[in-house]
Amino acid sequence: MTRRRWLVPYLLMAPGILFLALFFVLPNIQMFLMSLSTKASGTGLARTYEFTWAWENYAKALTDFPLQFSNSLIYGGLATLLCLVIGYPLAYGIAFRGGRYKNLLLFLVIAPFFTSFLIRTISWKIILGNDGAFLSIIRDVLGIVPPNFSILGTPLAVVSGLTYEFLPFMVLPLYVSLEKIDRRLIEAAKDLYAGPMRQGGALIGGFAGGGLAVVLMAGFGYLPLGVDHLPAIVLVAAIGGITGATIATLLVSESFTRIIFPLSLSGVFAGSILTFIPAIGDYVNADLLGNPRTQMIGNVIQNRYLAQNDYPTAAALSFLLMAGILIAIFVYARALGTDELTGGAE
């Protein structure tokens with residue numbers, strides 16, 4: 001029995017491996033074969049396909065839907081960035097300042113999961129509607145935006161829905177990585193005069209805030225990039241820079257940049273991956289909160305599968321999306337490193 005102890009880990013992994021083989025590997029093989037097939041006969045649901053090594057399906061998928069691919073990358077990236085900007089302070093507050101209310105705060109983070117994904121998206125449609133609570137305040141009460149201002153049917157609405165839906169996927173990994181940081185390291189950093197960032201921190205925060213403001217405004221479609229719009233770009237960068245410099249000067253310390261943030265990079269990596277992957281493939285938010293110009297590649301796949309019964313193109317699009325996600329994960333992992341995340345050598 002002792003000599004066969006090496007079998008124990010494989011026996012424990014066997015159910016999971018079998019499950020993945022049956023419900024992930026085999027369907028992907030079938031989908032790959034379908035992506036290289038062409039129509040044989042029939043129409044509608046009775047349509048049949050023949051495997052013919054039809055690589056032109058991939059060429060068609062790449063060339064026919066450039067807008068949807070770019071929307072998926074931009075909206076998924078913006079949602080991930082916003083989840084990180086919103087989720088990091090939230091996770092930091094729960095980990096370092098939550099005290100006896102940590103469990104309650106974590107429950108509030110995951111509480112939306114007790115409601116259907118579809119119902120949550122429809123709720124956002126009501127909130128962001130022309131007669132919703134948000135516009136009623138900023139348009140009718142505060143007068144910040146013009147009377148004809150609308151949010152529904154814009155990239156802002158789609159990214160807002162994606163950010164809300166996937167924020168818990170960012171907060172929870174960040175909380176885990178922050179919670180396990182040895183507090184003695186932070187105390188030692190403070191004893192070694194790791195105080196406020198002061199001038200250097202203000203400069204870094206200013207550049208980061210300015211760049212983030214331009215990226216967000218351009219991604220939402222409110223700031224066209226180009227020489228003709230240079231004054232508007234400078235104004236947005238200045239406002240973001242001032243805000244970023246203020247936050248860095250007042251709230252960020254050297255102990256955070258030298259100790260806390262580097263030790264939490266495993267949570268940043270895990271949270272970003274868990275947020276970006278479902279966000280880039282989502283189609284519900286784009287369908288309910290957007291318009292035809294804000295459709296993502298998930299909407300095209302859903303339409304090709306369920307409406308047009310064009311299985312080869314839909315399968316090719318699915319594999320291209322999968323490949324793009326894997327490439328993005330590889331580049332991101334190379335940039336941040338995954339030793340701590342995967343249990344490798346530190």
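Can you give the longest run of the chain that contains no chymotrypsin sites (Phe, Trp or Tyr not before Pro) sitting in a DSSP loop with at most 12 other Cβ atoms inside 10 Å? No qualifying site falls inside 194-346, the longest such stretch. Across the chain, the relative contact order, built from alpha-carbon pairs under 8 Å that are at least six residues apart, equals 25 percent. Share of region 1-124's accessible area from carbon and sulfur, percent, 1.4 Å? The nonpolar share, carbon plus sulfur, comes to 72 percent.
Accessible area per residue for the chain is 59 Å², calculated with a 1.4 Å probe on protein heavy atoms, without ligands, DNA or RNA.
Length available on full extension from residue 5 to residue 60: 0.36 nm per residue minus the Cα-Cα distance, which gives 14.6 nm. Partners of residue 180 within straight-line reach, counting lysines whose Cα lies under 30 Å from its Cα and excluding those fewer than 8 residues away in the same chain: 102, 190.
Placing dummy labels 7 Å off each Cα toward the beta-carbon, the span from residue 323 to residue 235 is 4.4 nm.
Kindly point out which whole DSSP H helices in the chain project their C-alpha atoms 20 angstrom or further along the helix axis while averaging a Kyte-Doolittle hydropathy of -0.5 or above. Qualifying helices, which must be both long enough and hydrophobic enough, are 66-97, 155-179, 198-219, 230-251, 265-281, 311-336.
Judged by the mean number of other Cβ atoms found within 10 Å, the most tightly packed of the peptides 240-250, 151-161 leads the ranking 151-161, 240-250. Can you compute the FRET efficiency between residue 118 and residue 13 using 1/(1 + (r/R0)^6), with r the Cβ-Cβ distance and R0 = 35 Å? Round to the nearest 0.05. In this case the efficiency is close to 0.50. Amide H contacts of residue 37: 52, 54, each under 5 Å away and 5 or more positions distant or on a separate chain (H built 1.01 Å from N in the peptide plane; Pro and chain starts excluded).
The values are calculated or read from the model by the stated rules, or taken from the named source; none is laboratory data. Fair warning: this is a prediction, and the values are worked out from it, not measured in the lab. All Cβ positions, glycine included, derive from the backbone under ideal geometry; neighbour counts span all protein chains shown. The area values use the complete protein model at the heavy-atom level, side chains included, leaving out ligands, DNA and RNA. Shrake-Rupley method; radii C 1.70, N 1.55, O 1.52, S 1.80 Å.
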